[in-house]
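The structure under discussion appears below in the form of structure tokens.
The values are calculated or read from the model by the stated rules, or taken from the named source; none is laboratory data. Predicted model only: the values in this text are computed from it and were never measured. Cβ placement follows ideal geometry from the backbone for every residue including glycine, while neighbour counts extend to all protein chains displayed.
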């Protein structure tokens with residue numbers, strides 16, 4: 001039986017580095033631990049919060065309920081066919097650690113997703129993506145504890161309802177606790193080099209047939225050049241989603257703002273760069289108290305030291321209002337406010 005801990009500091013469990021506390025916490029290393037914690041919270045009438053790496057959470061204050069801290073470990077080859085291999089990974093594993101471990105074993109497919117903070121269990125919730133690859137393109141299935149049904153479910157790709165930074169888990173917060181994820185990785189490396197950072201670096205280095213390790217190294221270097229290390233400067237990565245607009249809306253925006261670029265999507269809509277909008281509005285480096293917009297990347301809000309939850313929330317709200325006024329675009333926040 002897991003141990004129920006009381007009055008636990010959460011600063012090291014949220015990458016924004018907010019000094020908040022949980023009234024209660026259970027460290028979950030198995031499905032049985034999760035079932036026990038869920039039953040306890042239901043019996044006592046406590047609010048629940050599932051917490052992995054805390055890289056996509058903004059606390060608005062101390063948490064008065066029960067935190068389920070996911071600490072399961074393990075990664076194993078679960079099968080293979082003529083084109084791919086299946087890799088099963090425990091929800092508590094560090095995502096970047098898994099990326100590097102698969103590459104070390106000669107298993108390509110996750111290299112474009114290197115250096116994304118957080119745990120494996122959180123990856124499907126957000127449908128994480130970077131440099132031309134989204135999790136759903138490598139996803140096979142997962143096991144999750146359904147808190148409504150009180151049992152473990154096996155969920156395939158369709159059941160997860162993936163969208164851009166979206167999933168059934170995000171649309172039903174608190175219902176599912178992801179226990180493990182199975183990924184389908186290609187046996188033969190097919191490099192994804194659609195993003196300029198990757199393509200231009202390969203061209204500059206004269207690499208025409210990049211390995212998965214080449215791609216990973218370029219992605220890691222690019223992310224480090226743009227995004228601050230949460231261990232050194234508290235942040236949750238990209239704070240806002242890139243907005244999607246229609247082709248007609250895109251044309252109107254480009255007419256009014258000639259420097260604006262967008263990536264056309266499969267459905268004919270365009271994905272805009274939220275960072276460009278925020279940068280052009282002059283937000284880089286600006287702050288509310290100890291919460292600030294990073295000087296090098298306008299999508300990243302950082303904790304300059306001692307920032308409060310209120311300061312972070314006020315900064316995000318003010319940015320959104322300014323972008324709405326300037327461009328008539330509503331920016332969506334990526335992290336979850338708790």
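Brief remarks follow.
- Among residues that are out of contact with any strand residue (DSSP E or B) (no Cβ under 6 Å at 6 or more places or on another chain) and at pLDDT below 95, residue 274 is not included.
- Scan of segment 27-50 for residues that are more than 13 Å from residue 145 (Cβ to Cβ) and either in contact with a helix residue (DSSP H, G or I) (Cβ under 6 Å, 6 or more places away or on another chain) or assigned to a helix (DSSP H, G or I) (or both), ordered by number: 40, 43, 44
- From the options 281, 248, 290, 273, residue that is touching a residue at least 40 places away in the same chain (Cβ under 8 Å) and either outside the structural domain of residue 173 (by TED's automatic domain parsing) or at positive phi (or both): 281
- Members of segment 233-267 that are at pLDDT 90 or above and touching a helix residue (DSSP H, G or I) at 6+ places or on another chain (Cβ under 8 Å): 239, 240, 241, 242, 243
- Lone unmet requirement of (1) under 29 Å from residue 174 (Cβ atoms); (2) in a helix (DSSP H, G or I) for residue 275: (1)
- Subset of segment 304-317 [at pLDDT 95 or above and surrounded by fewer than 13 Cβ atoms within 10 Å (Cβ to Cβ)]: 317
- For segment 225-245, the tally of residues that are outside any loop (DSSP other than H, G, I, E, B) and within 20 Å of residue 111 (Cα to Cα) stands at 4.
- Of the residues making up segment 297-318, those that are under 21 Å from the mean Cα position of the chain (by Cα), under 28 Å from residue 249 (Cα atoms) and either touching a residue at least 12 places away in the same chain (Cβ under 8 Å) or not assigned by TED's automatic domain parsing to the domain that holds residue 245 (or both) are 297, 298, 299, 300, 301, 315, 316.
- So residue 61, is it surrounded by 14 or more Cβ atoms within 10 Å (Cβ to Cβ), touching a helix residue (DSSP H, G or I) at 6+ places or on another chain (Cβ under 8 Å) and closer than 27 Å to residue 117 by Cβ: no
- Note on segment 296-319: among residues that are out of contact with any strand residue (DSSP E or B) (no Cβ under 8 Å at 6 or more places or on another chain) and part of a helix (DSSP H, G or I), the one that is farthest from residue 286 (Cα to Cα) is 310.
- When 105, 85, 73 are screened for being farther than 20 Å from residue 215 by Cβ and more than 14 Å from the chain's Cα centre (by Cα), only 73 passes.
- All of (1) buried (at least 17 other Cβ atoms within 10 Å of the Cβ); (2) assigned to a helix (DSSP H, G or I); (3) touching a strand residue (DSSP E or B) at 6+ places or on another chain (Cβ under 9 Å) hold for residue 109 with one exception: (2).
- Matching residues in segment 320-329 - criterion: being under 21 Å from the mean Cα position of the chain (by Cα) and either assigned to a loop (DSSP other than H, G, I, E, B) or farther than 19 Å from residue 273 by Cα (or both): none
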